[in-house]
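Here's the structure we're looking at; comments come further down.
The values are calculated or read from the model by the stated rules, or taken from the named source; none is laboratory data. Just so we're clear, the structure is a prediction, and the values are computed from it rather than from any experiment. Note that each Cβ is placed from the backbone with ideal geometry, even for glycine, and that neighbours are counted across all protein chains shown. The accessibility values were calculated without ligands, DNA or RNA, using every heavy atom of the protein model including side chains. Shrake-Rupley method; radii C 1.70, N 1.55, O 1.52, S 1.80 Å.
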Amino acid sequence: MNKKRGYKLKYDFDRVINRKNTDSLKWDLQKHIFGKDDLIPMWVADMDLPVAQPIIDSLKKRAEHPFYGYTHAGSRVQDSVVERMTKKFQWEIDPEWVVFTPGVVPALHVAVRSLTHPGDEIIVQEPAYHPFFPVVKNSGCHIASNPLRLVNGRYEMDYCGLEDKFKAQSGRLPGHGLAKAIIFCNPHNPVGRLWKKSEIIKMGEIIIENGGIVISDEIHCEIVFKGRKHTPFASISEEFQDNSMVCMSPSKTFNLAGLEVSSIIIPNKKLRNEFLNTMAGIVPGPNLFGYTALEAAYRDGDEWLEQVLNYLEGNLEFLTSYFKKRIKGIDVIETEGTYLAWLDCRELGMDNQNLRSFFRNNAMVAVEDGYIFGKSGRGFVRMNFALPRSILEEGLGRIEDAVFKLQNG
Ligand SMILES: Cc1ncc(COP(=O)(O)O)c(C=O)c1O
């Protein structure tokens, strides 16, 4: 029930809304990227589900005020982030710790540059969100790859591998330094793990004991299923707080990617100042509509969020049972968080090019190739399931038919 309104708004996520010709990356660039525009788009991470009404109302109201001048994050916006962290994660933060950026990816670039010198190493745990790679490389650093391990269908971190990244090794290439930081992702895109508190502690202790910093990308933190609960890295202890930067945003949770707004929580003053100095004059703050949407989402978005999470969980159950019952040769890795399913297609026995062509040309669905997330993503694809159920069903039907034809000549 919405207090201001006095009644509950019921959202209709089954309704199919045409997004073509809205300059949507997913819909209007699909032909350019996939070479076809009749594929079912199940790729880039935004939802084909309409946003919360209070966000639309706030944006309209702000748009009606006829001044769009330079804007900063006022105290209402800052407080909405502080209150959100308390409400959702029982994490008490200081408004001073929050730095606003126009997206998490620009913040990752700034974070890495503020912490490193060219030649340093940054740990990335593949399969990993693919922009992590250019974040490291474009800063003149090297990737210290610490692939996740797939054990009995579930991904785990390789803690021994993490420790090794801080040891001088004879095999280290000239110009490579020891690891300075890790880009941690929780929930982990693309494999869908929501890391448990005990796992985060184990990983964090290794990094911090070795003098490293944890850049924690928690953009998907509110899209978690089956009553699971996200733990922000810096909420664990003062030591974790002093050695981390936590990247938060309402953009995935509330489907606001085009508004480009995120809040980077950096409790350590020295790290925060270095971050601010690195971004000064290069990375601007978010635009005024981003601030407006963030505040509305965090303050008045929960009625919608509860419904969208139910819907996404329903889609996930539908998809998981569809693959299990009707599609042989593709296994769904359990998704604990994010609306991205990680599909293990290795049994189909195809190389990168054939698997790519199979989904595009035979199944006619647009999914992300697993290998773009790193070598250990070969043989997998990532599928976005935040879309109306009927379209999801059509996409799965196309995959079922294509797999059937493949297996039955
Ligand atoms: C783990 C992760 N980080 C960052 C981003 C993108 O962040 P932004 O659009 O705020 O730059 C995404 C988008 O899918 C993501 O999955």
Checklist outcome for this item: Residue pairs qualifying under the 6 Å Cβ cut-off, at least six apart or on distinct chains, with the first in region 179-206 being closer than 18 Å to SER235 by Cβ and the second being part of a helix (DSSP H, G or I) and away from the ligand (no atom under 16 Å from the Cβ), are ILE182/ILE207; LYS202/TYR159; GLY204/PHE240
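Looking only at region 56-65, decide whether some residue is open to solvent by less than 20 Å² (accessible area, probe 1.4 Å) and not aliphatic (A, V, I, L, M).
The answer is no; no qualifying residue exists.
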Checklist outcome for this item: Here the residues within region 336-375 that are among the hydroxyl-bearing types (Ser, Thr, Tyr) and in contact with a Leu (Cβ under 7 Å, 6 or more places away or on another chain) are TYR339
Item to check | Count of region 11-55 residues which are polar (S, T, N, Q) and open to solvent by less than 50 Å² (accessible area, probe 1.4 Å) | outcome: 2
Checklist outcome for this item: Considering residues that are closer than 18 Å to HIS72 by Cβ, more than 16 Å from the ligand (Cβ to nearest atom) and surrounded by 20 or more Cβ atoms within 10 Å (Cβ to Cβ), the number found within region 258-287 is 1
Item to check | Positions within region 192-224 being within 16 Å of the ligand (Cβ to nearest atom), more than 14 Å from VAL124 (Cα to Cα) and either of a type in the set (A, V, I, L, M) or not assigned by TED's automatic domain parsing to the domain that holds GLU156 (or both), in sequence order | outcome: LEU194, ILE200, ILE219, ILE223, VAL224
Item to check | Residues satisfying the stated conditions in region 9-24, i.e. on the phi < 0 side of the Ramachandran plot and either outside any loop (DSSP other than H, G, I, E, B) or among the acidic types (Asp, Glu) (or both) | outcome: ASP12, ASP14
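Scan region 91-102 and tell me whether some residue there is open to solvent by 50 Å² or more (accessible area, probe 1.4 Å), of a type in the set (Phe, Trp, Tyr) and assigned by TED's automatic domain parsing to the domain that holds SER235.
Within region 91-102 (the criterion being open to solvent by 50 Å² or more (accessible area, probe 1.4 Å), of a type in the set (Phe, Trp, Tyr) and assigned by TED's automatic domain parsing to the domain that holds SER235), the answer is no, since none of the residues qualifies.
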Checklist entry - Given the conditions (1) among the small types (Gly, Ala, Ser); (2) part of a loop (DSSP other than H, G, I, E, B); (3) within 16 Å of the ligand (Cβ to nearest atom), which single one is not true for GLY227? => result (3)
Checklist outcome for this item: Residue pairs qualifying under the 8 Å Cβ cut-off, at least six apart or on distinct chains, with the first in region 245-273 being aromatic (Phe, Trp, Tyr) and the second being open to solvent by 10 Å² or more (accessible area, probe 1.4 Å), are PHE254/VAL51
Checklist entry - Quick one: which of ASP79, ASP120 is touching a strand residue (DSSP E or B) at 6+ places or on another chain (Cβ under 9 Å) and of a type in the set (D, E, K, R)? => result ASP120
Checklist entry - Among the residues of region 265-276, is there at least one that is over 30 Å from GLY395 (Cβ atoms), within 18 Å of the chain's Cα centre (by Cα) and at pLDDT 95 or above? => result yes
Checklist outcome for this item: Scanning region 130-149 for residues that are in contact (Cβ under 8 Å) with a residue 12 or more places away in the chain and in a strand (DSSP E or B) gives HIS142, ILE143, ALA144, SER145
Checklist entry - Within the bounds of region 340-350, is there any residue that is over 28 Å from LEU148 (Cα atoms) and either in contact (Cβ under 8 Å) with a residue 40 or more places away in the chain or open to solvent by 60 Å² or more (accessible area, probe 1.4 Å) (or both)? => result no
Checklist entry - In region 25-129, which helices (runs of 4 or more DSSP H) lie fully inside it and hold 2 or more residues that are in contact (Cβ under 8 Å) with a residue 60 or more places away in the chain and more than 16 Å from the ligand (Cβ to nearest atom)? => result 30-34, 53-64, 75-89, 104-115
